[in-house]
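What follows draws every value from the coordinates through simple rules; no lab data is involved. What you see is a predicted model; the values in this text were computed from it and never measured. Ideal geometry is used to build each Cβ from the backbone, glycine not excepted, and the neighbour counts take in all protein chains shown.
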Amino acid sequence: MVTEPDVPPNLCFPGKKEVADAVAEITGKKPGAVEDLVAAVHCSRVQGHVHKKYNYIGYGACSGADLAFAGPMECQYGCVGFGECAKACPFDAITMVDNFPVITKDLCVGCGICVKTCPKGIISLVPRNARVLIRCSTKDSRKVTRTICENGCIHCGACIRECPANAISEVDGVVTIDQNKCMEYGPACKEICIEACDIIHVVQPFHLEERMEKAKEAVAS
C-alpha cells in the first residue's frame, strides 16, 4: 500500500513530519507537507446550561441516542454526551467531563477518528496554532437558541462583519472560520471577532486555557 504511487507518504498522523520524510525516502516519493492538526469541539453546551428534554434509556452511544429525536439534550445540534468520541480515540486524548468531551491537545495527534465518530459533526481538525474557534454549531434561530442555551450563537453576523480577513462566514447555517485565512492575516486584527460577539463562549481563543495559565503566572510573579 505504501509503495502505491497514488498514496502520499504523509498519512501517519502520529509520526508527523519525521515519519513522512522517512517514508518518502524509502519509497522514493516526494515528501508532502504535514500540517499539525488537533481536534476541537464546536459546542458550548455545558457553559450554556443546556437542559435535557427527556431521559434516554437505551444503548449508551451518541449515535444511538441521536436517533431518538436528535438526542436527549434540548439543543439538537449540540453534544449528545455519551462519550463515543472518547471511546474511539486511540490516544486517550479525550476525557469526558460533565458528560462533555475535553480534548488534551498534547495527546491529540490529529488522526480525525473522533471527527468521523461524532454523529453531530461538531468535532473538526484545526491547526494546532489556530488563534480563534467558534464554539457553537447551532442552526436554530435566535429565538430558539436563546430559549435553550445561554451561550449559543444567535447568528447576528457581528463576527462576520468585523473580521478584516473575511475568514468567518456562515456555511450551511453554521458560523465557521476559515483557519487558513485567519492565520494568513495574522494577529494584527487583535482577534476582533471575539470582542464583536455579544455571547460569551461562542467565539473564543483556541488556546484559552493556556492563556489563562500564563495570566495567572504573570499575576503571581
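Determine the alpha carbon to alpha carbon distance for each of Lys105/Lys190; Lys143/Lys190; Lys116/Lys190; Lys120/Lys190; Lys53/Lys143; Lys105/Lys143 and list only those over 25 Å. With Cα atoms farther than 25 Å apart: Lys143/Lys190; Lys116/Lys190; Lys120/Lys190; Lys105/Lys143. Over all other residues within a Cβ to Cβ distance under 9 Å of Pro119, the charged ones net out to -1, with Lys and Arg as +1 and Asp and Glu as -1. How large is the direction-averaged shadow of the alpha-carbon convex hull of the stretch 72-221, in nm²? With the hull built on Cα positions only, its mean projection is 10.0 nm². Couplings 3J(HN,Hα) for the stretch 163-170, derived from phi with the Karplus relation 6.51 cos²θ - 1.76 cosθ + 1.60 (θ = phi - 60°), are 5, x, 8, 6, 8, 10, 8, 9 Hz, where x marks Gly and Pro. Amide H contacts of Ile168 (H built 1.01 Å from N, in plane; Pro and chain starts excluded): Asp178 sit under 5 Å, all sequence-distant by 5 or more or on other chains. Near the amide H of Met73, within less than 5 Å, lie the amide hydrogens of Lys53, all on another chain or at least 5 residues away, with H placed in the peptide plane. Computed from phi, the 3J(HN,Hα) profile of the stretch 97-106 under the Karplus parametrisation 6.51, -1.76, 1.60 (θ = phi - 60°) reads 10, 6, 6, 9, x, 10, 9, 8, 4, 5 Hz, with x in place of Gly and Pro.
Rounded to the nearest Hz, the phi-derived 3J(HN,Hα) couplings of the stretch 138-155 under the Karplus curve 6.51 cos²θ - 1.76 cosθ + 1.60 (θ = phi - 60°) are 6, 10, 5, 5, 4, 4, 5, 4, 5, 6, 10, 9, 6, 10, x, 5, 9, 6, where x marks glycine and proline.
Taking amide H positions as modeled 1.01 Å from N, with prolines and chain starts lacking one, the residues under 5 Å from Val38 and 5 or more places away or on another chain are Val126, Arg128. Taking Cα centre as origin and charging only the Cβ of basic (Lys, Arg, +1) and acidic (Asp, Glu, -1) residues, the dipole magnitude of the stretch 39-105 rounds to 80 debye.
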